[in-house]
Amino acid sequence: MENKVNEKIFKPKIVGFLCNWCSYTGADLAGTSRMKYDESIRVVRVMCSGRVDPTFVLKAFKEGADGVLICGCHPRDCHYHEGNYKCLRRYHLLKKYIIQMGIEPDRLRLEWISASEGAEFAKLVNEFTQKIAELGPSKVKQNIETFS
Amino acid sequence: MKELRIGVYVCHCGTNIAAMVDVEKLAKELSEVKNVIVARDYKYMCSDPGQDLIIKDIQEHKLNRIVVAACSPRMHEVTFRKALEKAGLNPYYLEMANIREQCSWVHTNRNEATIKAKDLILAAIKRVKWHEPLDKRSVPINEATLIIGGGISGISAALELANAGKKVYLVEKSNKLGGIMNQIDLTFPFLNSARQILDRKLSEVVNHPNIEIFLNTEIGEIFGYIGNFETQINGNKIVFGNIIVATGLKPFDASRIPEYGYGKLPDVITSLEFENMLKSGDIKTKSGKQPQSIAIIHCVGSRNEKYNVYCSRVCCLTALKYINQINSVLPETSIFDIYADMRTFGKYCEEFYSSTSRKNVTFLVFDQKNELPKIREASSSDKCNLIINFREKLSGEIIEVPADMVILMVGMEAHEAAKEVAHKVGVSMCGNNFYIERHPKLDPVATTTDGVYVVGTCQAPKDIPDSISQAKAAAARILATIEAKTVDVEVTTAFINEDLCCGCQTCIKVCPYSAISFDAVKKVSIVNEVLCKGCGTCAAACPTGAAKAKHFTDVQILSQIEGLFSYA
């Protein structure tokens, strides 16, 4: 603290991939209910969490995201029946993959948020932001720039 | 690619956005971004003058991409797409940045919120560059309607449509039509017979040449989209253009509240069980005696954090109806009405309350939030069957009320089949399993799935006239779409680039709608656009990039991500 007075407080930047039917609607509900959460998250809307191509997640890290959050409908509630299960399978593989790339696995998180869970979404964003703040800035972008 | 000419419009939404996001500064800064020809801020972009501003700019500045930073696209994307169309631009050249629901309304630091809003808008600018014009697909509308649920809501909608000469398939899970209304004796506030009202409707429905009724039938998988749905009923294919969901309610299970002893104390009964007694004209305790005193407890399972927080809307008035009925059948019986708040909204309902309160009845108030009344068996010296013990809120005193019979005014919950039906027709549910309407104020009949309407108590607790109003509104909406002969359908389906497809058929395995098939001659996958609902799972799984989710393409989303990090 004493020797880092001038260092800027780390503001994490998180990319959220939210499915249109449950999670994006839930995030909108947090807004219409005027719930407050951290400014860290920037949401990219997809129709289904099954649309979240692993490339999207890696791209977000490459561009400088400190964390990536994927939200879909709860199991058995997917608007497209089973897209969230596909997402879940990819997520587990992707977790293993990012570790190999030197990204802390905790920087990637998948959660189920329903259209009525505005409060849960707000809480999730705050929790995840806190986690990322503890991890500190992601080094991916910096490393890419150094080694390329 | 043609020269990019982007227009960026930042909405104040009154002060909804402007209070937390520096919209003027954003508009100024964004006007300097590459390819942005004009950037403006305006009080209400969605208003007519706001839309006219966009339309005028498109024509004057020859804009070919539009970014609107305002509310959620779930709110006004359609509005702005129409504006683009009016200006002669393909509606899919629009991208929205959600700086209200997901920014100004949820943040407290104006500087940070403005930075975030800028990121979101820059992302939209990057994304919109890659937008492709999509052609509207107009399809003819099948005039038939599928109605799921044969209660008063389903029946009312069916008659409205059938009387206009349109075919109706009315599917009911149980073995008879009429739903919960079958169990009701008289209706409030005029004490008309529910049976008489229902019977008249039922005979119309049963004999109507345009209504085909399927009893003991559960709905199967539904395919297609507005104008052209199809499903199988008892092995036969039926096709229809619209769907009305009217799955109704489930009475609250009173045994969940331990204080009331329902299920253990024989003379504690639910309101629906009491309706049955009223219908048979036989109000008797379990031991066959005429009750000397009857207590009515309100808000059973309603307006309580532990059970359901919402009000079930009909219980108060139903209780008042009981007071009237008991009074006329058993004038000597004393009645205790134990309520939390008396809610008697609706036409002639307050009048009904005031006339009922002049009858022979004692009103008592209990503390619904903190302390539910406790019902116990009376001892032999008490000269009654049950004792209700509670703190009477107005006097503040703990009192005991004697009763030979206690009627629990059970609230409404969504039908247990609601969830299953929601999946089949593609509507969302709110936390308590009622269906979500398209807009809580402006569109309480339609859903976010085109061609699917929700009516009656499956959408929220309501009484008979409200259910019928909603049912007839849905029918009128459907008649209007049928009148238009054709309907524009979602064009954001999947597409396979045959040149890139390697024939691995991964997309076929992941498609939840079996919308992709394999062309054995060309050795490529083919999308059936009628069946595809555009989830994009195939695009995420395709190893070569041949499968493309229109309007959610890889390049669009990747550019959007890039845009999020293009500033600071």
If you count only protein heavy atoms and use a 1.4 Å probe, how large is the accessible surface of B:SER287, to the nearest 10 Å²? 80 Å²
For A:GLN100 paired with B:ASN90, estimate the spin-label separation in nm (one decimal), with each label point 7 Å from Cα along the Cα-to-Cβ line. 3.9 nm
With A:ILE103 itself left out, Lys, Arg at +1 and Asp, Glu at -1 over residues whose Cβ is under 12 Å from its Cβ give +3
In the protein assembly as shown the DSSP beta bridges are antiparallel at a rate, in percent to nearest 5, of 35 percent
Relative to 2.2 N^0.38 Å, what does the C-alpha radius of gyration of region B:494-550 come to as a ratio? Two decimals please. 0.94
Between B:SER280 and B:GLU218, 0.36 nm times their residue separation minus their Cα-Cα distance comes to what? 19.2 nm
In terms of modelled amide H atoms, which long-range or inter-chain residues lie less than 5 Å from the amide H of B:ALA547? B:ASN497
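What does the structure give for B:540-552 when I average, per residue, the other chain Cβ atoms found within 10 Å of the residue Cβ? Could the numbers behind the result be given before it?
Numbers: counts 14, 5, 1, 0, 0, 2, 0, 0, 0, 5, 0, 1, 7.
Mean inter-chain Cβ contacts per residue within 10 Å come to 3.
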Once R0 is set to 45 Å, what does the formula 1/(1 + (r/R0)^6) return for the Cβ-Cβ distance between B:ALA484 and A:LYS123, expressed as a FRET efficiency to the nearest 0.05? 0.50
For B:ASP463 the rounded accessible area (nearest 10 Å², probe 1.4 Å, non-protein molecules ignored) is 30 Å²
How far, in degrees from 0 to 90, does helix A:54-63 lean away from the longest principal axis of the Cα atoms of chain A, to the nearest 10? 30 degrees
Report the percentage of all Cα-Cα pairs in chain A whose separation exceeds 25 Å, rounded to a whole percent. 29 percent
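Determine, from the Cβ-Cβ distance of A:GLU145 and B:GLN59 and an R0 of 41 Å, the FRET efficiency 1/(1 + (r/R0)^6), rounded to the nearest 0.05. Intermediate results must be reported in sequence, preceding the final value.
On the way: r = 44 Å, r/R0 = 1.07.
Computed FRET efficiency for A:GLU145 and B:GLN59: 0.40.
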Long-range amide H partners of B:VAL524, meaning residues 5 or more apart or on another chain whose placed amide H is closer than 5 Å, are B:ASP519
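Students often get this wrong, so check it: of B:LYS166/B:LYS419; B:LYS25/B:LYS550; B:LYS393/B:LYS472; A:LYS86/B:LYS176; A:LYS36/B:LYS126, which have C-alpha atoms separated by over 31 Å?
Working: B:LYS166/B:LYS419 28 Å; B:LYS25/B:LYS550 34 Å; B:LYS393/B:LYS472 42 Å; A:LYS86/B:LYS176 41 Å; A:LYS36/B:LYS126 28 Å.
Over 31 Å Cα-Cα: B:LYS25/B:LYS550; B:LYS393/B:LYS472; A:LYS86/B:LYS176.
Over all directions, what mean area does the Cα convex hull of region B:1-69 project, stated in square nanometres? If you can, show how the numbers build up before the last one.
Working: hull surface 17.6 nm².
Result: a mean projected hull area of 4.4 nm².
For the protein assembly as shown, build the convex hull from the C-alpha positions and give me its volume per residue in Å³. It would help to have the intermediate numbers written out before the result.
On the way: hull volume 147.0 nm³, N = 716.
Convex hull of Cα atoms, per residue: 205 Å³.
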In sequence order, what are the phi-derived ³J(HN,Hα) couplings for region B:289-302 according to the Karplus relation 6.51 cos²θ - 1.76 cosθ + 1.60 with θ = phi - 60°, rounded to whole Hz, with x for glycine and proline? 9, 6, x, 7, 9, 10, 10, 10, 10, 8, 6, 7, x, 10
Tell me, what ³J(HN,Hα) does each residue in region A:32-43 have, in order and in whole Hz, if you take phi through Karplus 6.51 cos²θ - 1.76 cosθ + 1.60 with θ = phi - 60° and put x for Gly and Pro? 5, 8, 6, 7, 10, 8, 5, 6, 4, 8, 10, 9
For region B:165-181, 3J(HN,Hα) per residue [Karplus equation, 6.51 cos²θ - 1.76 cosθ + 1.60, θ = phi - 60°, Hz, x = Gly/Pro]: x, 9, 6, 10, 9, 10, 10, 10, 6, 7, 8, 8, 7, x, x, 5, 5
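For a quick protection proxy, order the peptides B:475-485, B:142-152, B:518-528 by their average other-Cβ count within 10 Å, most packed first. The partial results should precede the final answer.
Working: B:475-485: 16.8, B:142-152: 25.9, B:518-528: 14.3.
Per-residue mean Cβ counts within 10 Å order the peptides as B:142-152, B:475-485, B:518-528.
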What average number of partner chain Cβ atoms lie no more than 10 Å from the Cβ of the residues making up B:97-105? 5
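Can you compute the FRET efficiency between B:PHE363 and B:GLU416 using 1/(1 + (r/R0)^6), with r the Cβ-Cβ distance and R0 = 41 Å? Round to the nearest 0.05. Present the calculation step by step, with values, prior to reporting the outcome.
Working: r = 34 Å, r/R0 = 0.84.
E(calc), rounded to 0.05, equals 0.75.
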Report the trypsin sites (Lys or Arg not before Pro) located in region B:131-208 that are in a DSSP loop and have at most 16 other Cβ atoms inside 10 Å of their Cβ, or state none. B:LYS136, B:LYS176
How many nm separate the modelled label positions at B:LYS237 and B:THR108, each set 7 Å beyond the Cα in the direction of the Cβ? 5.9 nm
Could you order B:SER357, B:SER280, B:SER467 so the one with the most accessible surface comes first? Probe is 1.4 Å. B:SER280, B:SER357, B:SER467
Angle, helix B:73-86 long axis vs. longest principal axis of chain B, Cα atoms, 0 to 90°, nearest 10? 50 degrees
Between helix B:464-483 and chain B: long-axis angle, C-alpha atoms, 0 to 90°, nearest 10: 30 degrees
With Cβ to Cβ distances under 11 Å as the rule, what net charge do the other residues near B:TYR307 carry (K, R +1; D, E -1)? 0
Mind checking the full-extension length gain between B:ARG200 and B:ASN163? Use 0.36 nm per residue of separation minus the Cα-Cα distance, one decimal, nm. 11.8 nm
Computed over the Cα atoms, what is the radius of gyration of region B:6-134 divided by 2.2 N^0.38 Å, N being its residue count? 0.94
Aspartates and glutamates near A:LYS139 by alpha-carbon distance under 19 Å, same-chain residues fewer than 8 away left out - which ones? A:GLU7, A:GLU63, A:ASP66, A:GLU104, A:ASP106, B:GLU562
Here the relative contact order (percent) of chain B, from C-alpha pairs under 8 Å and at least 6 apart, is 14 percent
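List the trypsin sites (Lys or Arg not before Pro) in region B:1-94 that DSSP assigns to loop (not H, G, I, E or B) and whose Cβ has at most 15 other Cβ atoms within 10 Å. Which are they?
Working: sites: B:LYS2, B:ARG5, B:LYS25, B:LYS28, B:LYS34, B:ARG40, B:LYS43, B:LYS56, B:LYS62, B:ARG65, B:ARG74, B:ARG81, B:LYS82, B:LYS86; in loops: B:LYS2, B:ARG5, B:LYS34, B:LYS43, B:LYS62.
Within region B:1-94, the qualifying trypsin sites (Lys or Arg not before Pro) (loop, at most 15 other Cβ atoms within 10 Å) are B:LYS2, B:LYS34, B:LYS43, B:LYS62.
Would you mind computing Rg(Cα) / (2.2 N^0.38 Å) for chain B, counting N as its residues?
The value comes to 1.20.
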Would you mind giving the mean number of other chain beta-carbons within 10 Å of the Cβ of each residue in B:529-539, as a whole number? 5
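The values are calculated or read from the model by the stated rules, or taken from the named source; none is laboratory data. Everything numeric in this text was worked out from a predicted model, so none of it was measured. As a convention, Cβ positions derive from the backbone with ideal geometry for all residues, glycine included, and neighbour counts pool all protein chains shown. Just so you know, the surface numbers come from the protein's heavy atoms only, side chains and all, with ligands and any DNA or RNA stripped out. Shrake-Rupley method; radii C 1.70, N 1.55, O 1.52, S 1.80 Å.
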